[in-house]
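Asker: Below is a structure I'd like to ask you about.
The values are calculated or read from the model by the stated rules, or taken from the named source; none is laboratory data. Being a predicted model, the structure only gives us computed values, none of them experimental. Using ideal geometry, Cβ is built from the backbone for each residue, glycine included, and neighbour counts are taken over all protein chains shown.
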Amino acid sequence: MLYLSGDLGAGKTTLARGLLRACGIAGPIRSPTYTLVQVYESGPQTLLHLDLYRLKDAAELEHLGLGEWAQPGSLWLIEWPQRGAKLLPPADLTVTLAAGPHGHEAQLAASTAAGAAWLARMGRNARELKA
């Protein structure tokens with residue numbers, strides 16, 4: 001579960017598209033701004049991209065049938081998670097994006113052991129790239 005937070009224009013959808021491409025999604029990747037959810041299959045993994053910006057009430061999530069996707073092997077990318085209130089599963093990792101004067105900035109925070117493992121792996125990969 002990956003929460004993508006930040007103001008309008010901070011880069012949440014762009015980051016989600018990049019992550020979906022990195023997971024092997026080759027076809028069109030549409031923003032779920034109006035549909036609220038897009039589902040992608042990549043081998044054994046199911047990827048869900050949710051954009052909750054247009055949600056008027058968190059209770060609307062109950063009508064999306066998300067429960068069937070809450071299983072091992074699925075990765076959720078959720079934009080505007082605060083609009084889902086307490087009805088969303090907790091995030092493994094929260095990415096908070098901000099557009100700054102010199103580019104975009106990202107803060108990452110792990111909330112679970114899986115999120116901490118992702119951060120550790122990213123740190124190793126970053127160190128390997130610098131070497």
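Asker: How many residues are modelled with pLDDT of 90 or more and not in a strand (DSSP E or B) when one looks only at the range 88-113?
Answerer: So the answer is 5.
Asker: Further question on the same structure: On the phi < 0 side of the Ramachandran plot and either assigned to a helix (DSSP H, G or I) or in contact with an Asp or Glu (Cβ under 8 Å, 6 or more places away or on another chain) (or both), is that true of LEU19?
Answerer: Criteria met by LEU19.
Asker: Picking from GLY6, GLY73, GLY11, GLY84, which residue would you name as being touching a strand residue (DSSP E or B) at 6+ places or on another chain (Cβ under 9 Å) and at negative phi?
Answerer: GLY84
Asker: Only residues in the range 11-22 that are over 12 Å from LEU97 (Cβ atoms) count as the first member; pair them with residues that are surrounded by fewer than 20 Cβ atoms within 10 Å (Cβ to Cβ) and of a type outside the set (A, V, I, L, M, F, W, C), Cβ under 8 angstrom, at least 6 apart or cross-chain, and list the lot.
Answerer: From residues that are over 12 Å from LEU97 (Cβ atoms), the pairs are LEU20/TYR40.
Asker: Within the range 56-76, track down each residue that is of a type in the set (A, V, I, L, M, F, W, C) and either in a helix (DSSP H, G or I) or buried (at least 18 other Cβ atoms within 10 Å of the Cβ) (or both).
Answerer: Those that are of a type in the set (A, V, I, L, M, F, W, C) and either in a helix (DSSP H, G or I) or buried (at least 18 other Cβ atoms within 10 Å of the Cβ) (or both): ALA58, ALA59, LEU61, LEU64, LEU66, TRP69, LEU75, TRP76.
Asker: Let me confirm something: among THR33, THR46, THR13, which residue is touching an Asp or Glu at 6+ places or on another chain (Cβ under 7 Å) and outside any loop (DSSP other than H, G, I, E, B)? Don't jump to the end; show me each part of the working.
Answerer: Working: THR33 fails: outside any loop (DSSP other than H, G, I, E, B); THR46 fails: touching an Asp or Glu at 6+ places or on another chain (Cβ under 7 Å).
It is THR13.
Asker: Another one. Tell me the residue from LEU15, LEU52, LEU20 that is in contact with a helix residue (DSSP H, G or I) (Cβ under 6 Å, 6 or more places away or on another chain) and either surrounded by fewer than 12 Cβ atoms within 10 Å (Cβ to Cβ) or modelled with pLDDT of 90 or more (or both), please.
Answerer: Result of the check over LEU15, LEU52, LEU20: LEU52.
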